[in-house]
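This report concerns only the one structure given below.
The values are calculated or read from the model by the stated rules, or taken from the named source; none is laboratory data. All values reported here derive from a predicted model rather than from experimental measurement. All Cβ positions, even for glycine, are placed from backbone atoms using ideal geometry, and neighbour counts span all protein chains on display.
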Amino acid sequence: MNIVITLIIAVVLVIPVLWLVSEFKFGKCIRIPLGGLAILCSFAAAAVIYIISATSIQFNDNACYGRATKDLINTTVAQIEDGQLDRVMKVLRGLNSLYNPSYQEDSPNYVKLVSEATSRMRGESESKDNSKWNVQPFGINTWVGHWEGNTGFWIVISISFIDKQPYEIIRSGCPETKMSAVSVSEDYRTLKFQDSNNMMHILKLVNKYEAIHEWHDLDKNQDGENRRDNLSHLFKLTRPTEDQKKVTGQIIQGIPTNRSSQP
(Lines give C-alpha, C1' and ligand atoms only; values in the text may rest on other atoms or scores of the structure.)
Protein backbone atom coordinates (compact mmCIF):
# COMPACT_ATOMS: atom_id res chain seq x y z
CA MET A 1 0.00 0.00 0.00
CA ASN A 2 2.85 2.38 0.88
CA ILE A 3 4.55 1.58 -2.48
CA VAL A 4 1.38 2.44 -4.41
CA ILE A 5 1.01 5.75 -2.59
CA THR A 6 4.69 6.54 -3.21
CA LEU A 7 4.32 5.86 -6.95
CA ILE A 8 1.21 8.06 -7.15
CA ILE A 9 2.99 10.92 -5.40
CA ALA A 10 6.02 10.49 -7.71
CA VAL A 11 3.85 10.62 -10.84
CA VAL A 12 1.93 13.64 -9.55
CA LEU A 13 5.17 15.51 -8.94
CA VAL A 14 7.08 14.42 -12.08
CA ILE A 15 4.47 15.22 -14.73
CA PRO A 16 4.16 18.97 -13.90
CA VAL A 17 7.98 19.18 -14.02
CA LEU A 18 8.03 17.50 -17.41
CA TRP A 19 5.34 19.89 -18.63
CA LEU A 20 7.42 22.86 -17.48
CA VAL A 21 10.49 21.49 -19.27
CA SER A 22 8.48 20.78 -22.45
CA GLU A 23 7.55 24.46 -22.71
CA PHE A 24 11.18 25.18 -23.57
CA LYS A 25 12.37 21.97 -25.21
CA PHE A 26 9.51 20.32 -27.16
CA GLY A 27 6.77 21.16 -29.62
CA LYS A 28 2.98 21.43 -29.23
CA CYS A 29 2.38 17.73 -29.80
CA ILE A 30 4.19 17.03 -26.52
CA ARG A 31 3.43 20.22 -24.56
CA ILE A 32 -0.37 20.00 -24.88
CA PRO A 33 -0.73 16.36 -23.66
CA LEU A 34 1.69 17.03 -20.81
CA GLY A 35 -0.27 20.17 -19.91
CA GLY A 36 -3.50 18.19 -19.74
CA LEU A 37 -1.86 15.55 -17.61
CA ALA A 38 -0.40 18.23 -15.35
CA ILE A 39 -3.90 19.65 -14.76
CA LEU A 40 -5.22 16.19 -13.95
CA CYS A 41 -2.28 15.68 -11.62
CA SER A 42 -3.19 18.84 -9.73
CA PHE A 43 -6.61 17.33 -8.97
CA ALA A 44 -4.94 14.04 -8.05
CA ALA A 45 -2.56 15.88 -5.73
CA ALA A 46 -5.48 17.58 -4.01
CA ALA A 47 -7.21 14.21 -3.60
CA VAL A 48 -4.06 12.61 -2.18
CA ILE A 49 -3.56 15.45 0.28
CA TYR A 50 -7.21 15.18 1.37
CA ILE A 51 -6.94 11.40 1.86
CA ILE A 52 -3.73 11.70 3.86
CA SER A 53 -5.22 14.46 6.01
CA ALA A 54 -8.48 12.56 6.63
CA THR A 55 -6.58 9.38 7.44
CA SER A 56 -4.34 11.23 9.87
CA ILE A 57 -7.35 12.79 11.61
CA GLN A 58 -9.09 9.42 11.80
CA PHE A 59 -6.02 7.77 13.29
CA ASN A 60 -5.73 10.58 15.83
CA ASP A 61 -9.43 10.30 16.76
CA ASN A 62 -9.18 6.53 17.07
CA ALA A 63 -6.21 6.92 19.36
CA CYS A 64 -8.10 9.44 21.52
CA TYR A 65 -11.16 7.20 21.70
CA GLY A 66 -9.00 4.19 22.51
CA ARG A 67 -7.11 5.90 25.34
CA ALA A 68 -10.28 7.40 26.84
CA THR A 69 -12.19 4.11 26.63
CA LYS A 70 -9.30 2.17 28.14
CA ASP A 71 -9.16 4.66 31.03
CA LEU A 72 -12.92 4.32 31.54
CA ILE A 73 -12.73 0.51 31.64
CA ASN A 74 -9.72 0.47 33.98
CA THR A 75 -11.30 2.97 36.36
CA THR A 76 -14.66 1.15 36.36
CA VAL A 77 -13.06 -2.20 37.18
CA ALA A 78 -10.76 -0.73 39.83
CA GLN A 79 -13.51 1.18 41.61
CA ILE A 80 -15.93 -1.78 41.60
CA GLU A 81 -13.20 -4.01 43.02
CA ASP A 82 -12.67 -1.38 45.74
CA GLY A 83 -16.36 -1.61 46.70
CA GLN A 84 -17.54 1.62 45.04
CA LEU A 85 -20.33 -0.03 43.02
CA ASP A 86 -23.01 2.55 43.91
CA ARG A 87 -20.76 5.46 42.92
CA VAL A 88 -19.74 3.76 39.67
CA MET A 89 -23.36 2.99 38.74
CA LYS A 90 -24.38 6.57 39.47
CA VAL A 91 -21.63 7.92 37.21
CA LEU A 92 -22.36 5.43 34.42
CA ARG A 93 -26.04 6.42 34.43
CA GLY A 94 -25.00 10.04 34.07
CA LEU A 95 -22.52 9.24 31.30
CA ASN A 96 -25.15 7.20 29.48
CA SER A 97 -27.59 10.12 29.54
CA LEU A 98 -25.01 12.72 28.45
CA TYR A 99 -23.26 10.83 25.65
CA ASN A 100 -25.25 10.76 22.41
CA PRO A 101 -23.23 9.18 19.58
CA SER A 102 -23.90 10.21 15.99
CA TYR A 103 -22.41 9.61 12.55
CA GLN A 104 -20.23 12.68 13.16
CA GLU A 105 -18.41 11.73 16.33
CA ASP A 106 -17.07 14.55 18.48
CA SER A 107 -13.82 13.17 19.85
CA PRO A 108 -12.97 16.10 22.18
CA ASN A 109 -16.47 15.98 23.70
CA TYR A 110 -16.25 12.21 24.23
CA VAL A 111 -12.83 12.46 25.82
CA LYS A 112 -14.03 15.29 28.07
CA LEU A 113 -17.09 13.32 29.21
CA VAL A 114 -15.04 10.20 29.91
CA SER A 115 -12.41 12.22 31.77
CA GLU A 116 -15.08 13.75 34.01
CA ALA A 117 -16.73 10.35 34.49
CA THR A 118 -13.49 8.68 35.63
CA SER A 119 -12.79 11.60 37.95
CA ARG A 120 -16.21 11.18 39.56
CA MET A 121 -15.75 7.41 39.84
CA ARG A 122 -12.53 7.96 41.77
CA GLY A 123 -14.30 10.41 44.07
CA GLU A 124 -12.19 13.35 42.97
CA SER A 125 -15.28 15.45 42.25
CA GLU A 126 -18.75 15.21 43.76
CA SER A 127 -22.11 15.58 42.02
CA LYS A 128 -24.43 18.29 43.28
CA ASP A 129 -28.12 17.50 43.74
CA ASN A 130 -29.04 19.44 40.62
CA SER A 131 -26.12 18.13 38.59
CA LYS A 132 -26.78 16.73 35.12
CA TRP A 133 -24.80 13.69 36.27
CA ASN A 134 -27.45 12.83 38.88
CA VAL A 135 -29.70 10.52 36.86
CA GLN A 136 -32.43 8.61 38.70
CA PRO A 137 -32.12 4.80 38.57
CA PHE A 138 -35.83 4.49 37.73
CA GLY A 139 -37.76 5.89 34.76
CA ILE A 140 -41.07 5.61 32.97
CA ASN A 141 -40.14 2.22 31.50
CA THR A 142 -39.27 0.73 34.89
CA TRP A 143 -42.90 -0.14 35.66
CA VAL A 144 -43.76 -1.44 32.18
CA GLY A 145 -44.29 -5.20 32.14
CA HIS A 146 -46.02 -8.05 33.93
CA TRP A 147 -46.01 -7.98 37.75
CA GLU A 148 -47.22 -10.92 39.80
CA GLY A 149 -47.37 -11.96 43.45
CA ASN A 150 -47.37 -15.27 45.28
CA THR A 151 -51.16 -15.08 45.79
CA GLY A 152 -51.89 -15.18 42.04
CA PHE A 153 -52.65 -11.46 41.82
CA TRP A 154 -51.11 -9.92 38.73
CA ILE A 155 -51.11 -6.66 36.80
CA VAL A 156 -49.87 -5.79 33.32
CA ILE A 157 -48.57 -2.25 32.93
CA SER A 158 -48.05 -0.47 29.62
CA ILE A 159 -47.40 3.17 28.75
CA SER A 160 -50.62 5.10 28.17
CA PHE A 161 -51.04 7.72 25.47
CA ILE A 162 -54.60 8.75 26.40
CA ASP A 163 -56.52 10.14 29.38
CA LYS A 164 -53.40 12.02 30.54
CA GLN A 165 -52.36 9.01 32.61
CA PRO A 166 -48.80 7.70 32.58
CA TYR A 167 -49.80 4.04 32.35
CA GLU A 168 -52.57 1.68 31.35
CA ILE A 169 -52.93 -1.05 33.97
CA ILE A 170 -54.91 -4.29 33.67
CA ARG A 171 -55.34 -6.46 36.77
CA SER A 172 -56.28 -10.10 37.24
CA GLY A 173 -59.87 -11.11 37.87
CA CYS A 174 -63.03 -12.30 36.14
CA PRO A 175 -63.29 -10.28 34.07
CA GLU A 176 -59.89 -8.64 33.89
CA THR A 177 -60.21 -5.02 34.94
CA LYS A 178 -58.66 -1.81 33.72
CA MET A 179 -57.44 0.41 36.54
CA SER A 180 -58.26 4.10 36.95
CA ALA A 181 -56.76 7.16 38.69
CA VAL A 182 -53.25 6.03 37.79
CA SER A 183 -50.44 8.23 39.08
CA VAL A 184 -46.72 7.85 39.57
CA SER A 185 -44.27 9.78 41.73
CA GLU A 186 -41.72 12.10 40.20
CA ASP A 187 -38.87 9.67 40.89
CA TYR A 188 -40.97 6.73 39.59
CA ARG A 189 -40.57 4.85 42.86
CA THR A 190 -44.27 4.87 43.82
CA LEU A 191 -47.23 3.90 41.64
CA LYS A 192 -50.88 4.36 42.66
CA PHE A 193 -54.14 3.28 41.05
CA GLN A 194 -57.74 2.31 41.86
CA ASP A 195 -59.88 -0.62 40.74
CA SER A 196 -63.62 -0.93 40.12
CA ASN A 197 -64.23 -2.00 43.74
CA ASN A 198 -62.90 1.32 44.98
CA MET A 199 -59.73 -0.29 46.26
CA MET A 200 -56.66 1.90 46.35
CA HIS A 201 -53.42 0.14 45.36
CA ILE A 202 -49.99 1.55 46.23
CA LEU A 203 -46.83 -0.02 44.80
CA LYS A 204 -43.38 1.00 46.04
CA LEU A 205 -40.24 -0.19 44.29
CA VAL A 206 -37.68 -2.17 46.24
CA ASN A 207 -35.62 -2.49 43.08
CA LYS A 208 -36.38 -2.68 39.36
CA TYR A 209 -37.78 -6.18 39.72
CA GLU A 210 -39.60 -6.13 43.08
CA ALA A 211 -42.26 -3.88 44.59
CA ILE A 212 -44.19 -3.77 47.87
CA HIS A 213 -47.94 -3.85 47.20
CA GLU A 214 -50.30 -2.17 49.65
CA TRP A 215 -54.06 -1.94 49.18
CA HIS A 216 -57.04 -0.71 51.17
CA ASP A 217 -60.74 -0.05 50.74
CA LEU A 218 -61.53 3.62 50.20
CA ASP A 219 -65.10 3.07 51.46
CA LYS A 220 -63.83 2.02 54.88
CA ASN A 221 -62.01 4.13 57.42
CA GLN A 222 -58.98 1.94 57.99
CA ASP A 223 -56.21 2.98 60.35
CA GLY A 224 -52.54 2.65 59.62
CA GLU A 225 -52.17 -0.56 61.65
CA ASN A 226 -54.81 -2.40 59.65
CA ARG A 227 -53.32 -1.17 56.40
CA ARG A 228 -50.02 -2.80 57.23
CA ASP A 229 -51.78 -6.16 57.12
CA ASN A 230 -52.67 -5.54 53.46
CA LEU A 231 -49.15 -5.95 52.19
CA SER A 232 -47.54 -8.31 49.71
CA HIS A 233 -44.67 -8.42 47.24
CA LEU A 234 -44.99 -8.23 43.47
CA PHE A 235 -42.26 -9.37 41.13
CA LYS A 236 -41.64 -8.25 37.56
CA LEU A 237 -41.75 -11.25 35.23
CA THR A 238 -40.30 -11.55 31.76
CA ARG A 239 -42.77 -12.37 29.02
CA PRO A 240 -41.45 -13.92 25.80
CA THR A 241 -41.77 -11.85 22.66
CA GLU A 242 -43.77 -13.07 19.68
CA ASP A 243 -40.52 -13.72 17.78
CA GLN A 244 -39.23 -15.86 20.65
CA LYS A 245 -42.47 -17.84 20.65
CA LYS A 246 -42.17 -18.54 16.93
CA VAL A 247 -38.67 -19.95 17.30
CA THR A 248 -39.50 -22.21 20.26
CA GLY A 249 -43.05 -23.21 19.25
CA GLN A 250 -44.26 -26.60 18.09
CA ILE A 251 -47.18 -27.59 15.89
CA ILE A 252 -49.80 -29.88 17.47
CA GLN A 253 -52.68 -30.85 15.19
CA GLY A 254 -52.09 -27.77 13.10
CA ILE A 255 -52.33 -25.37 16.06
CA PRO A 256 -49.13 -23.61 17.20
CA THR A 257 -48.49 -24.09 20.92
CA ASN A 258 -47.11 -20.57 21.06
CA ARG A 259 -50.48 -19.01 20.36
CA SER A 260 -50.87 -16.03 22.65
CA SER A 261 -53.27 -16.43 25.55
CA GLN A 262 -54.25 -14.44 28.56
CA PRO A 263 -52.61 -15.37 31.87
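Given (1) more than 30 Å from ARG93 (Cα to Cα); (2) in contact with a helix residue (DSSP H, G or I) (Cβ under 8 Å, 6 or more places away or on another chain); (3) not charged (D, E, K, R), identify the lone condition not met by CYS174.
If we test CYS174 against (1) more than 30 Å from ARG93 (Cα to Cα); (2) in contact with a helix residue (DSSP H, G or I) (Cβ under 8 Å, 6 or more places away or on another chain); (3) not charged (D, E, K, R), just (2) comes out false.
Residues checked against (1) assigned by TED's automatic domain parsing to the domain that holds VAL206; (2) modelled with pLDDT of 90 or more; (3) surrounded by 15 or more Cβ atoms within 10 Å (Cβ to Cβ):
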{"position": "TYR99", "(1), (2), (3)": "no, no, no"}
{"position": "ALA117", "(1), (2), (3)": "no, yes, yes"}
{"position": "GLY152", "(1), (2), (3)": "yes, no, no"}
{"position": "ILE159", "(1), (2), (3)": "yes, yes, no"}
{"position": "ILE162", "(1), (2), (3)": "yes, no, no"}
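Quick one: count up the residues across region 172-203 that are part of a strand (DSSP E or B), in contact with a Lys or Arg (Cβ under 9 Å, 6 or more places away or on another chain) and surrounded by 14 or more Cβ atoms within 10 Å (Cβ to Cβ).
Count: 10.
For region 126-137, does any single residue satisfy the condition of being of a type in the set (Gly, Ala, Ser), part of a helix (DSSP H, G or I) and either out of contact with any helix residue (DSSP H, G or I) (no Cβ under 6 Å at 6 or more places or on another chain) or modelled with pLDDT under 85 (or both)?
No, because not a single residue in region 126-137 is of a type in the set (Gly, Ala, Ser), part of a helix (DSSP H, G or I) and either out of contact with any helix residue (DSSP H, G or I) (no Cβ under 6 Å at 6 or more places or on another chain) or modelled with pLDDT under 85 (or both).
Name every residue in region 65-98 that is in a loop (DSSP other than H, G, I, E, B) and touching a Gly at 6+ places or on another chain (Cβ under 9 Å), in order of residue number.
GLN84
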